[in-house]
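Asker: Quick one: this structure, given as structure tokens, is what I'll be asking you about.
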Amino acid sequence: MASNAPLNSGMPVGDLGTEGWHKPWSDTNGNSCVEAKRLPDGRVALRQSTDPEGPALLYTREEMIAFLRGVKAGQADFLVD
């Protein structure tokens, strides 16, 4: 990861390095996964496994906590209904 480059949502995934990506979520066939990486500053990067050089979405720790709490509470069910 480039040490002087600012980290921004939408930046190329390659700029975040290849190490540390995890695939905690995937479709039933295991072909399409959302991959996550914890960044040194505490933010979380998400990428689409089928586009490993595409853009990364970056979220603060607090944003991820709010999102995960909402998902657990059923507040995101409308996305797949």
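The values are calculated or read from the model by the stated rules, or taken from the named source; none is laboratory data. Note that the structure is predicted; figures quoted are calculated from it, not measured. As a convention, Cβ positions derive from the backbone with ideal geometry for all residues, glycine included, and neighbour counts pool all protein chains shown.
Asker: Which condition from (1) over 10 Å from the mean Cα position of the chain (by Cα); (2) surrounded by 12 or more Cβ atoms within 10 Å (Cβ to Cβ) is the one that Lys37 breaks?
Answerer: The one condition Lys37 does not meet is (1).
Asker: Next up: Tell me which residues, restricted to region 52-74, are surrounded by 12 or more Cβ atoms within 10 Å (Cβ to Cβ) and not in a helix (DSSP H, G or I).
Answerer: Across region 52-74, the qualifying residues are Pro52, Gly54, Pro55, Ala56, Leu57, Leu58, Tyr59, Thr60.
Asker: If you take the residues in region 3-23 that are exposed (fewer than 10 other Cβ atoms within 10 Å of the Cβ) and small (Gly, Ala, Ser), which one is modelled with the lowest pLDDT?
Answerer: Ser3
Asker: Identify all residues within region 40-51 that are out of contact with any Ser or Thr (no Cβ under 8 Å at 6 or more places or on another chain), surrounded by 13 or more Cβ atoms within 10 Å (Cβ to Cβ) and not aliphatic (A, V, I, L, M); write none if there are none.
Answerer: The one that is out of contact with any Ser or Thr (no Cβ under 8 Å at 6 or more places or on another chain), surrounded by 13 or more Cβ atoms within 10 Å (Cβ to Cβ) and not aliphatic (A, V, I, L, M): Arg47.
Asker: Out of the residues in region 24-40 meeting the condition of being in a strand (DSSP E or B) and either of a type in the set (Gly, Ala, Ser) or more than 17 Å from Leu68 (Cβ to Cβ) (or both), tell me which one is modelled with the highest pLDDT.
Answerer: Among them, the one singled out is Ala36.
Asker: What are the pairs, 6+ residues apart or on separate chains, where a residue within region 8-26 that is over 15 Å from Leu57 (Cβ atoms) has its Cβ under 6 Å from a residue that is acidic (Asp, Glu) and surrounded by 13 or more Cβ atoms within 10 Å (Cβ to Cβ)?
Answerer: Partner pairs satisfying both residue conditions: Lys23/Glu35.
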